[in-house]
Amino acid sequence: MSDDAAATAPPDARPDPPPEPDGGEGAPRRSAASRAAALLGSGAVQVLLVLIALFWLVPTLGLFVSSLRTPADNAASGWWTALARPAELTLANYAGLLDNPVFVGSFWNTVLITVPSTLLIVVIASLAGYALAWMEFPGRDWLFLGVVALLVVPIQVALVPIAQLYGGAGIYGSIVGVVLFHVGFGLPFAIFLLRNFFAAIPRDLLEAARMDGGKELTIFRRVILPLGGPAIASLTIFQFLWVWNDLLVALVFADAANQPMTKALQAEMRQFGANIDVISSGAFISMVVPLVVFFAFQRYFVQGVMAGAVK
């Protein structure tokens, strides 16, 4: 039937339109991942996720409100009562904490431990990851297998041997010893992560750079670093958060003069179990710096996660 005849034919005589792909036997089936993604994109699920996120933030809100209340108010009622009486909130706890030389010293000790540990791990892991991904040398594969094997070594098994080693070297209890421990146990995962990311970079880019006369260090600086920036930024965030919040290594290898904030707060909790004003304000200050670092590098972190998912 021609198009004109089909247009003038009665409705009952017109041909039926082709069936819509409604998921019948002839239609392609949607994968479970696509169905899950469509479900997560619905408005009800998004509202539920927002509610879960708000519920997850309740302890942080309670910690912040408790840090703004006097010891008497914290002992008399729960922190949620301050939401109806904001006049009782005060910054006296933070003023007293910042005047405490022990806490101020532990804050700077945390900075002196976290910043060098993070920088050393990122620099060494970037160079090692590039070498294991794109440089040919004897024993490269065995070396990479050794790095992978070190991933399963728990920290606890090395505490006593390294403590004895530090004692013989005269660095037990110092900031240098804590930094070296973090670097040693942070490198296997960092090298493994960056090596796998660098290996996914197209070979043609590196070959073109070598044909133009670029040396390995030049290729690393001008090709690998710009392309691997999101992965390096993600590693920086992870390592910074890990070292900043560490307590186990600080308890074992840092003495009282070089203790970070986590150990200082733990000592306050052990000595003054009901001293919630000091503990809450100190814990909130300890939490602010990682949050600032995370939100400052959030864009690079998301890029690194998405790039890893695509590759």
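Taken together, the values in this text are just the output of simple stated rules run on the coordinates, not laboratory data. Because the structure is predicted, anything quoted here is derived from the model rather than measured. Cβ: placed from backbone, ideal geometry, glycine included. Neighbour counts: every protein chain shown.
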Practice problem: Can you tell me the order of 77-88, 126-137 when each peptide is scored by its average per-residue count of other Cβ atoms within 10 angstrom, highest first? | Solution: 126-137, 77-88
Quiz prompt | Label-point separation in nm, Asn275 to Ala200, each point 7 Å along Cα→Cβ | solution = 4.8 nm
Quiz item: For the peptides 202-215, 108-121, 59-72, what is the packing order when you average, over each peptide's residues, the other Cβ atoms within 10 Å and list the highest mean first?
Solution: 108-121, 59-72, 202-215
Quiz item: With each pseudo-label sitting 7 Å past Cα toward Cβ, what's the Ala158-Ala296 distance in nm, one decimal?
Solution: 2.8 nm
Quiz item: Any idea how far the Cα center of segment 139-155 sits from the one of segment 61-75, in Å?
Solution: 47 Å
Quiz item: For the pair Ala208 and Ala169, what calculated FRET efficiency results from E = 1/(1 + (r/R0)^6), where r is the Cβ-Cβ distance and R0 = 45 Å, to the nearest 0.05?
Solution: 0.45
Quiz prompt | Extended-chain gain in nm, criterion 0.36 nm per residue less alpha-carbon gap, Trp56 and Lys215 | solution = 52.3 nm
Exercise. Starting from the Cα-Cα distance between Val111 and Leu143, subtract it from 0.36 nm times their residue separation and give me the gain in nm to one decimal.
Key: 8.3 nm
Practice problem: Please work out how much length the chain gains when fully extended from Ala44 to Leu119, using 0.36 nm per residue of separation minus the C-alpha to C-alpha distance, in nm with one decimal. | Solution: 22.7 nm
Quiz prompt | Karplus-derived HN-Hα couplings along segment 284-289 (A = 6.51, B = -1.76, C = 1.60, θ = phi - 60°), whole Hz, x at Gly and Pro | solution = 5, 4, 5, 8, 5, 4
Exercise. Tabulate in residue order the Karplus-calculated ³J(HN,Hα) for segment 276-282, using 6.51 cos²θ - 1.76 cosθ + 1.60 with θ = phi - 60°, rounded to whole Hz; enter x for Gly and Pro.
Key: 5, 5, 6, 5, 5, 5, x
Quiz item: Taking amide H positions as placed 1.01 Å from N in the peptide plane, with prolines and chain starts having none, which residues 5 or more places from Ala254, or on another chain, fall under 5 Å of its amide H?
Solution: none
